[in-house]
Each structure stands twice: as structure tokens, then as C-alpha cells.
Amino acid sequence: MTGYLLMFSDTGHNWRQHRQEDSLGAFPGNSNADTVVQYKLEQAVIARYLRLIPLDWNPTGRIGLRLEIYGCRYTSDVANFDSSSSLIIRLGVRPSRTTMEVISLKFKTLKNSGTLLHAVGQRDHSLTLVLQKGRLGQLLVSVGSLLDDQHWHHVKLERLSTHLNLTVDKNTQQHILSKIFGGLRTPIHGLQKPILSNKNFHGCLENLLYNDLNLINLAKQNNHQVTVVGNVTFSCAEPVSVAVTFAHSQSFLQLPGLMSWSSGVFVIALEFRTWNKLGLLLTFDLPQIESTVWLYLNEARLRLRVNKVGRAPLELSAGSGLNDGQWHLVEMNSRQDRLSITVDKDEGATAHTSIPLPLTAESKLFFGGCPVQQSSQECRNPFNMFQGCVRLLTLDGQTVDLIKVQQRLLGNYSHLQIDMCGIIDRCSPSHCEHGGRCTQSWSTFHCNCSTSGYRGATCHSSTYEQSCEAYKHKGNTSGHYYIDVDGSGPIKPQLVYCNMTEDTAWMVIQHNNTELTRVHSSPESTRHSAHFDYASEEEQLAAVISQSEHCEQELSYHCRRSRLLNGAPFSWWVGGPDRGQVQTYWGGAQPGSHQCHCGLQDSCLDSNYFCNCDADYDEWANDSGLLTHKESLPVRSLVVGDIQRPGSEAAYRVGPLRCHGDKNFWNAAFFDRETSYLHFPTFHGELNADISFLFKTTSSSGVFLENLGIKDFIRIELSSSSEVVFSFDVGNGPLEVRVETSIPLNDNRWHSVRAERNVKEALLRVDEFPATTKGAPADGHIHLQLNSQLFIGGTASRQKGFLGCIRSLQLNGITLDLEERAKITPGVRPGCPGHCSSYSYLCQNQGLCAEKAKGFSCDCGQSAYTGAFCHKEVSANFKSTVSVTYVLKDPYEVSMNSSAWPSSIYSDMTLRGENISLSFRTLQSPALLLYVNSIYREFLALLINKHGVEYKETFFYNLAADFVLHTVISKIREKEITISS
């Protein structure tokens, strides 16, 4: 036997298939008569019966095998509940709040709802485990699925303080309780007053333990702590319910009619469960009246259709949402005066019509589908075949013996799995990441990523860039963008403002108060405090600050008789990660200096102090500057003191957090030898793996990266000058995904590669060329198991390595630091210059691409445009009779218009300098370029005469009116004036 399925059961009925990795069911057998093939099951199986179903065997011989099974002793204490019985257990020991409490049990049931456990703790806090629609839940936590299959399921409930873990089989959900649950006092099983109306637990509990105390054993010993209510027995009743699974495209079950059928009166009933919206449940032919009947699912509703030759079809429908994986009871009832279909009795819907269906003993009933070779007159299926489980099939109230069908003693069938329900919940646990919504059919699942901000078959890869820097290098201008700082990692995308300047892409994160805020003096209040709430969450802020090369935040303090430091600090601010730390330095100074910016510059109003405000003058002053120490950002709160004295006034402003420079985006390494490579720890991407990077090369082939396991591997390589190959093996044999481009990739320009592999498919995209995808094999291995080092730019087998640059290499959202590793690796150099060859096209309107150590910028000096890409026009064409006048207001006037602040905050401040710059070209002279005047009767004039530019009738430069672009820069510092060109 070269291949088989392993089944197990407690009773010899209701078999369950053992599956590996939640998807693979088949076990490879022997390849010869002597070799021993041994398997150690990852999950222990507790059962009395095992069954092997042969799939393949030696075609020249017969099926045969020798089998040895290894196991261990198992102790079982069981209690059986019948919906009206319960155990009430009173525990005398009350653990402390810091003690771990553990409840563990196993249960089996055929009912999809019921209360397993209710426990009351101190202060009447309670905890309840409820089975509802086949899922086990506690409060907002819901785990498991299809738990009403009459197989044992293991449950473990762990509580420590307010932390609660609920594990069902091997799936765990965590929850934070709103209150501390202070110890269990009264666990109750099979409640007399159930949490769900009329839904007491009906089934068996096994090995019910509370902190290793065997509660069922206490009940068996008639312990005084235990009260038995109703009929609780200490052996598990095993109701026999034979199910049949329709899983194949050729699955069908054919049954004969009953001898009692002659008058058109009959009742056909069955229970089914499925994930499919479509499928044929039952069909039969009525040759006496030239009619055919179909009972089928369409859009998850039950429909009955009767086709009669020469007449319009008769259609009935009932129920909805019947593809939820739950058992649903369907009855088809034919009487002489009516025909009806019913779903779930009084819980469903019933439809009626007045047409009889004359079934006879010679009739053939086909369930699930039609035989492939069957005559079209006996069975026709214009609908999809049914995929799902059927049980409790009755004809006129007589249960069909499906074991006889299996033994070929009744009816006929093909490709059925009898005495088992093989339904699988492919959405529990869900493979959809980042909040993607999982839906499924019988054979696969689908992730709806529409509202998640992620994409791909499992919502794994982010649809957003990781920084403003990345958006800029895609040609985006200033605006609001969603940033996903860790790509496919757990941190959510955040909306930020990207300010794209010529040199820098600033990421701006706002908080709840960036305006100038005034604090009035108050004898009653000695301090004023403010807390700043940011638009981004804590982990988002931390990630942005960490990956940025530079961050800053403006901190301004305006004062009038309100001191800052002056020995012991009167005011301080709190900044940094988490809750932050108290900081006593101010904008423009260094951490720990206990100074302001003027103190470092020796420019304070009073040289005896390190802050302007500490001079304590009765006029407005300010200490303002930028906080640039990333470990102290962002500013979280501010405390202003020294405001209780008469005449004390203050105002503060904390600007938004601004960061630029993406350390990940420009992290690069240059490989100058084919034998050189970088190595990193093993890549762990068992179920989902995404790899992205940029490369540029002049070579036609080379390996970008490779990681090996015992049998599994993953590799991305440039196979030719126009083709990239992504290959891997997770145990199903090597799989290759190829993308061939219409342009050469060895043109020494940057090209992007993104590869993703998940449980559903593999994808490869190169630049903006169409992506190539390949689906994963159905029910194949899904775990990628690697154990060697990850090689970048080469391979462990010394195959031809990569020659060129690799940049921004990320694996599952984590950037590998190529530059640091390259510093200590022969044949590899950190960094990679030469970006204008790839990005110069972004510079518009004759802007020139300027190389930078990390990136590029557009020099707009020789164009009439400005902006990050020289895309904003800042020029105008003047006729001799045209001029433009601007009225500029002082800062305090703008503030007065917006928030009615008095101008006194600014009235004592002196403007110390002005900068004016402009470019022009003309053939006209003389001409007035610029004229500026003020209320103080000061003025500035720039004139063009036939020899050059004139300033206040004083000749400076010989700039002729030759229609060549000239630039004039005027700098005024107090009484010093500088004109340059």
C-alpha cells in the first residue's frame, strides 16, 4: 500500500479523518516490501478504533501491509448530561488575584448549542462557557467551529488577573477582562437555568479539572462539595448517527422508492450541512406525468422545482443562509391536496403548493448528484452537485440504513464517504490577516480585504507605502497619505500628511492642540498642564520615529514674568515612548542640559541665565526651538508653572511631530563579486511569506536570495536579462513562478521585485508588469520549514551570485540591515550610489536631477517652477503696464484674526532679519523689479537699468537686460544689507 487515509473513532461509527497541517489528509506508504515507514502524529489521537483507507497500492500485486501502533495509557473520568441534569460544585479554596487559575476539560456532543460551564467568583463576578452554533465562547471570545460532531474536543481556560486565554483543541484566543475575577467559587455544568434559553448542555464531559483537581472524580465519590442534579451518569452515551459525505464531483446516492408509495403521498426528510450556496439535494423523475423534480440549494436558499412538459416550471423556496456549516432539517411533504417544503421546522420557513407528486416503488431517488453514465431520462442535474454532509435520511419516517448502502445491500452510490462527515471549517482559524473577512465553500476559502487596507489572497500585503519618502519616489506630491510603517506586519496603516519639498519628504503627524495657547495668571492655581493626543496610535508613533533618520517637534514658550528653569524647574514637559519621561531642557537645547536654545548660543537676554524667560522681565520674551532628540519624542504633556504671581503671563505651542528620511528605503548593499554574499538568520514565513526589494545590475543572471530547509527551500533569482524566477518547495514538490519583462532588467536602473507565498497561492511582480500567480495544490502541505541561514546575493551551494545593488530588502515587513552586514563582509560594500539613472524622469520642466548619498533631489534653479519635482509654476509674464501688490501682515495680526489673542505677546519682539530672493529675465531697462515699504516709512527698491540691478540708487551688479535668467538674493540683517546674484 503506497498511500492511505487514517481514520479514528470511539465507537466504530462516526469516523473522523486525521489530517496533517490542517489540510493534508493522505499518508505516503511503502515503496517496497521491506522499508519501514514511521509517522509520529503531531496531535495525539485518543480513540478506540483506527481505520486505514487504501488510496494507492502496487499495481502488480495486492493490497497488504504490516502495521504497528504505539501509544500510552489513558485515564478517563466521564460524566453524561441529558439537557436536564447538572453538577454543582462548591470550592472552598479561593486563590489570590495573582494566582493562575486553570480549568480544563474535554467534551463531545451532537447539539450545536448549550451551556458547558458557569462559574461564580468573588463579588458575584461570573464566567460562562457557552457552545453556540458549534463554536465555544466566553464573553467576546469565540473559538473553534463544528464542535457538534460527537468527537472529543479539548478546552482549556487560563486566567491570571485580568488576562484570559481560551484554548479549544489547538486554537487560542486572548481576552482582557474589564474586572479582576477573584477566584472561582461555584462552577456549574449543564445549568438548570441556562444562559441560552432551552439550551442546556447535552453530551459528555471528560477529565474536568480545576487547577489539577478532578471534579468528576469528586462527583463519583459523592463528595460533599458536589451536588448532582437530575440524571447524571458516569459513562458516555454514544448515539449512533450515520452521516454520509458528498465531496467528489461524481458523488451520488441512489435509493429505491418504498413499496407503500402508490397514491402520491410521501414524506422525505434529511439533515444536511454545507458551505456551498449551490447544490442538488434530491432529484427524481415522474414518467407518469412527464415531470422531473429537483430539490436544490440556490443562493443558500432551499428551492423546489417541478418541470412538466408543456407547462411553466413550478417553483417553491424556503429558508436562507443555509450554507453556514450548521445542520439544517429539510422535509418534503406530498399530500393529495398539497405539496410543501420545510426548513428547520418552526425555526425555518415552509412553502406550499397544491400539486401531487406520484412517487411509486419503482421510482429512483438520486441524492447529491447523478451517475456519470446514467440515462438522461432517469437523472438529470442542471444544477451544481452537492458538496456537504447528509444524515438522518428518512422516507416516510423510516430511517435509511446507510450502512446497508455501504455494504451494497441497498441502492447504489459512488464516491461517498459513509459513516463520517468530512466537513472542514477553513475559516477557523482564519488565514485572513489584518481583519480580512473569511468566507468559504466546500473546497476553498476567500478573504475579503476590501476594508482592511491590505491585499492578496490572505490580506497579507499592505496596499500602502511605508513612508512619505517611498511615496515621493513614486512621483507623488504633497498631500494626505496612508502610511504602513511595517508593511505586512501587525501595525495598522495611519493617515499622515506628506510635505514633499525639493530636498526632503516630511511626514507630519498632528495632535489635538498645535495652536498657540495662552495661560493666564491665577493665585488659586500654581500650575497648568496639557496633554497631547496624537492622530496615530502608540505603536505607529514608535515605528515612525524609529525608522526615520530625523524627527523634530517645535516647542515654543512665550513668557512675561513667568520663569522656566531658574535653578529648580518651574515648567517641564514629558516625552518619549510609552508614557514618556520628564524633560527639563527646551526647544533647541540638548537632552539633560537644563537649558534653552539661547543658553547654548550664549545669546540669552540675561547672561546669568540659560533661558530668556528666566530673566523674569516685565515684557514678552520667548524660548523657542526644535526638539530633535528622537528618544525624547513625541511630546506627550506639558506642565507650566510660575503663573500664580501678579502680572505673570505665558503662552506655549507644541507643533506637530515631523519626521523625514526612511532608513529602510535607502538601506542598500553593492555586490562586486559573484562569490560574495550576505547571510542572516533563518527566515520564518511558515504560512505567509512576502519578500520585496529593489535591484540594479548590468549582469544577465544571479541569485538574489536563498534559504534552505531539510527538503523545503525558497529562492528568488534573475534567470536572464528579462526574467525573474520565484521558486520554493513546502513539501509538495518545487513550484516556480516566473515573470518575463518586455525591457531588459540589466540596464543599471532600479527595478522592484515583490514575491508572496501563502496557503492559497504564490505571486510574483516585477516593476509594474502584470503579476504572475500560481495556486497552491488542494489539501497539500502548507508550512514552509527552513533551518539554514538566509543568503543574500549568493547561495550556500556557491552557484552564480548576484552582481550589482540590492536595496530596501524586506521580509514580512522587516527590513534587513544590508549596510551594517556589508561593512564586515568581503566583496560587499554598503550603500549604492547612482539614483538619477532611475529617478531623473521625475524632475519636470527642465529641473535637473541631483545625486544624493541616499536618493536624489530635483534642482529647479534653472526653471520657472518649484516643488519636489519642479512641478509648481511660480512665474508670471509681466507687461509694462502690469504689476502685482501683496499686503503682508505681522504675525500677531494673523493671530488676532484667528483666535483673538492680544498683540502684546508679539509687540515686544523685534524682527531681526528678512530674506528676499527672485529670478527674472527681461530685455527691458530701466524697470522696477521690486518695491517694499512699511508703516515705519522704510522702503526697499530693486531696479534694473541698462547696466545692471540697482538698490536705493546704488549700483551693485552688472546684470544686463539680456533675457538670460538671473537670480537676485537680498539679505537684510538689522542694518546690514547683502545683495548677491
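Listed here are the residues, each with its yes/no results for (1) touching a helix residue (DSSP H, G or I) at 6+ places or on another chain (Cβ under 7 Å); (2) over 29 Å from Glu552 (Cα atoms); (3) open to solvent by 20 Å² or more (accessible area, probe 1.4 Å).
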position: Gly655; (1), (2), (3): no, no, no
position: Asn667; (1), (2), (3): yes, no, no
position: Phe670; (1), (2), (3): no, yes, yes
position: Val703; (1), (2), (3): no, yes, no
position: Ser719; (1), (2), (3): no, yes, yes
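Taking into account only those residues within segment 736-770 that are aliphatic (A, V, I, L, M) and in contact (Cβ under 8 Å) with a residue 40 or more places away in the chain, which is nearest to Gly793 (Cα to Cα)? Ranking the candidates gives Val753 first. Entry remark, segment 14-42: residues being assigned to a loop (DSSP other than H, G, I, E, B) and either open to solvent by less than 90 Å² (accessible area, probe 1.4 Å) or of a type in the set (Asp, Glu) (or both) number 18 in total.
Residues in segment 442-491 that are under 15 Å from the mean Cα position of the chain (by Cα) and among the small types (Gly, Ala, Ser): Ser450, Ser452, Gly453, Gly456, Ala457, Ser461, Ser462, Gly487, Ser488, Gly489.
Take Gln862 and tell me if it is surrounded by fewer than 16 Cβ atoms within 10 Å (Cβ to Cβ), outside the structural domain of Asn746 (by the TED database), farther than 24 Å from Asp672 by Cβ and not hydrophobic (A, V, I, L, M, F, W, C). Criteria met by Gln862. In this entry, Phe695 passes the filter for residues that are in contact with a Cys (Cβ under 8 Å, 6 or more places away or on another chain) and of a type in the set (Phe, Trp, Tyr).
Filtered by the rule that a residue be in contact with a strand residue (DSSP E or B) (Cβ under 7 Å, 6 or more places away or on another chain) and either at pLDDT below 95 or assigned to a loop (DSSP other than H, G, I, E, B) (or both), segment 737-750 gives Thr741, Leu745, Asn748, Arg749, Trp750.
Got at least one residue in segment 318-326 being small (Gly, Ala, Ser), closer than 16 Å to Gln387 by Cα, assigned to a loop (DSSP other than H, G, I, E, B) and assigned by the TED database to the domain that holds Ala247? No: segment 318-326 contains no residue that is small (Gly, Ala, Ser), closer than 16 Å to Gln387 by Cα, assigned to a loop (DSSP other than H, G, I, E, B) and assigned by the TED database to the domain that holds Ala247. Restricted to segment 498-608, the set of strands (runs of 3 or more DSSP E) holding at least 1 residues that are of a type in the set (D, E, K, R) and surrounded by 17 or more Cβ atoms within 10 Å (Cβ to Cβ) comprises 548-560. When segment 198-226 is filtered for residues that are assigned to a strand (DSSP E or B) and over 26 Å from Met100 (Cα atoms), the ones remaining, listed by number, are Asn200, His202, Gly203, Cys204.
Among residues belonging to segment 728-755 that are out of contact with any Leu (no Cβ under 7 Å at 6 or more places or on another chain) and of a type in the set (A, V, I, L, M, F, W, C), point out the one that is nearest to Gly780 (Cα to Cα). Filtering segment 728-755 for residues that are out of contact with any Leu (no Cβ under 7 Å at 6 or more places or on another chain) and of a type in the set (A, V, I, L, M, F, W, C), the one nearest to Gly780 (Cα to Cα) comes out as Leu735.
Checking every residue in segment 49-58 against the condition of being among the basic types (Lys, Arg), in a strand (DSSP E or B) and crowded, with 16+ Cβ neighbours inside 10 Å gives at least one match. Within the set Asp614, Asp618, the sole residue that is outside the structural domain of Thr773 (by the TED database), open to solvent by less than 40 Å² (accessible area, probe 1.4 Å) and either assigned to a helix (DSSP H, G or I) or charged (D, E, K, R) (or both) turns out to be Asp614. Cβ-Cβ distances below 6 Å connect the following pairs, each with a first residue in segment 870-885 that is assigned to a loop (DSSP other than H, G, I, E, B), a second residue that is modelled with pLDDT of 85 or more and β-branched (Val, Ile, Thr), and a separation of six or more residues or different chains: Val874/Thr866. Checking the structure you have, find out if any residue of segment 102-111 is open to solvent by less than 30 Å² (accessible area, probe 1.4 Å), at pLDDT 85 or above and more than 22 Å from Asp10 (Cα to Cα). Checked segment 102-111: at least one residue is open to solvent by less than 30 Å² (accessible area, probe 1.4 Å), at pLDDT 85 or above and more than 22 Å from Asp10 (Cα to Cα).
The values are calculated or read from the model by the stated rules, or taken from the named source; none is laboratory data. Bear in mind that the values here come from a model prediction, so they are computed numbers and not experimental data. Please note: Cβ atoms are built from the backbone with ideal geometry, for glycine as well, and neighbour counts cover all protein chains shown. Accessible surface areas use protein heavy atoms only, side chains included; no ligands, DNA or RNA. Shrake-Rupley method; radii C 1.70, N 1.55, O 1.52, S 1.80 Å.
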